[in-house]
1. Test Ala210 against the criterion of being buried (at least 20 other Cβ atoms within 10 Å of the Cβ) and more than 22 Å from Asp92 (Cα to Cα), and give yes or no.
2. Considering only region 32-50, I want to know if a residue exists there that is over 30 Å from His153 (Cα atoms), at pLDDT below 90 and assigned to a loop (DSSP other than H, G, I, E, B).
3. Output the residues belonging to region 222-252 that are within 22 Å of Met159 (Cβ to Cβ) and outside any helix (DSSP H, G or I).
4. Output the number of the condition that His185 fails; it satisfies all remaining conditions of (1) closer than 15 Å to Val158 by Cα; (2) out of contact with any helix residue (DSSP H, G or I) (no Cβ under 6 Å at 6 or more places or on another chain).
5. Has region 156-164 got at least one residue that is out of contact with any Ser or Thr (no Cβ under 6 Å at 6 or more places or on another chain), buried (at least 23 other Cβ atoms within 10 Å of the Cβ), more than 16 Å from Ala74 (Cα to Cα) and touching a residue at least 12 places away in the same chain (Cβ under 8 Å)?
6. Within the bounds of region 56-76, is there any residue that is more than 22 Å from Pro177 (Cα to Cα), without any contact (Cβ under 8 Å) to a residue 24 or more places away in the chain and acidic (Asp, Glu)?
7. Output the residues belonging to region 118-155 that are among the hydroxyl-bearing types (Ser, Thr, Tyr), part of a helix (DSSP H, G or I) and farther than 22 Å from Ala74 by Cβ.
8. Filter region 64-92 down to residues that are modelled with pLDDT of 90 or more and more than 20 Å from the chain's Cα centre (by Cα) and give me whichever is farthest from Leu22 (Cα to Cα).
Amino acid sequence: MRRLTSLDRWTLGYVAIATVALARSFSGEGITDWQYLVAAHTMIVGVALLAPYARDGSPVGRFLGEWYPMLLLAGLYGEIGVLTLASGFQNDLAIQHLETAVFGSQISYRWIRGMPVPWLSAVLHSCYLAYYAILFAPPLALWFSGRREAARHTILGVMITFYLCYLVFLFYPVAGPRYAFDLPHNAATAVGPARLTQWLLDRGDSWGAAFPSSHVAASVVATGFALRYWRPLGFALLIPTTGLVLGVVYGQFHYGVDALSGLVLAGVMLAVMQRRRAAEMPARAGESVVGVLDVST
């Protein structure tokens, strides 16, 4: 029997809890066309259960069997907005109080208004737009350079980070400063990257997905794995990742504490995944020795 990997199990676990959040929406006003979300959950469960068989097949099957959660990210993120809107509540006031306690003011509101510098805005918004490049560059580079185990480890770490963030979104939705406050209009928002970012968010943002910042958490985790497995790539990603961490606050997409909590989550994830990797290495070395001994006998 083909075994499920940690990635498969995390995916199945996330879908199970997300289904609870979907069922909860039935007690309120409900979700229009909820059957499509149930069908999507069923499809993801089927994909996760079939993934071990795909990994034993053709090169395309192996790729899809390892990468399917990353390829489903847009859909998983889009579902967040549907479920959190249906929940009928948000926790922005509590996060705003925390923001004031940590930073002394609403930094996500004040920063771009107090420092409307066009070049700074262009740089930080460009870094924000590089989000998917930051996210996918490490596992793709590792995969196609033959470092398959490192790529798998990176995908697992990134996806666990997303799943943890998404679970918080589902049960503790925070709309974020983009919805809580009026949008800024000044020289900083007039630059091309800022206008493009707002255009994209108007068409693809998910309400309730602010705290913690999955943009920050996942980008830092991906860059951390790049530094671990392919240092030149990791160093190349440090600047856009740092810009993204600052840009989510400067652009009024996240509260400062959203970004800070994303950084904390990323640090914890990288530390846990490193310890997990270190613990696996002796076991695998032992398996290799046993395999050699078996063959020799």
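1. For Ala210, the condition - buried (at least 20 other Cβ atoms within 10 Å of the Cβ) and more than 22 Å from Asp92 (Cα to Cα) - is not met.
2. Yes, that holds for at least one residue.
3. The answer is Trp230, and nothing else.
4. The one condition His185 does not meet is (1).
5. Within region 156-164, one or more residues are out of contact with any Ser or Thr (no Cβ under 6 Å at 6 or more places or on another chain), buried (at least 23 other Cβ atoms within 10 Å of the Cβ), more than 16 Å from Ala74 (Cα to Cα) and touching a residue at least 12 places away in the same chain (Cβ under 8 Å).
6. Taking every residue of region 56-76 in turn, none turns out to be more than 22 Å from Pro177 (Cα to Cα), without any contact (Cβ under 8 Å) to a residue 24 or more places away in the chain and acidic (Asp, Glu).
7. The answer is Ser121, and nothing else.
8. This residue is Asp92.
The values are calculated or read from the model by the stated rules, or taken from the named source; none is laboratory data. As the structure is a computational prediction, the values presented were derived from the model and not from experiment. Note that we place each Cβ from the backbone using ideal geometry, even for glycine, and neighbour counts take in every protein chain shown.
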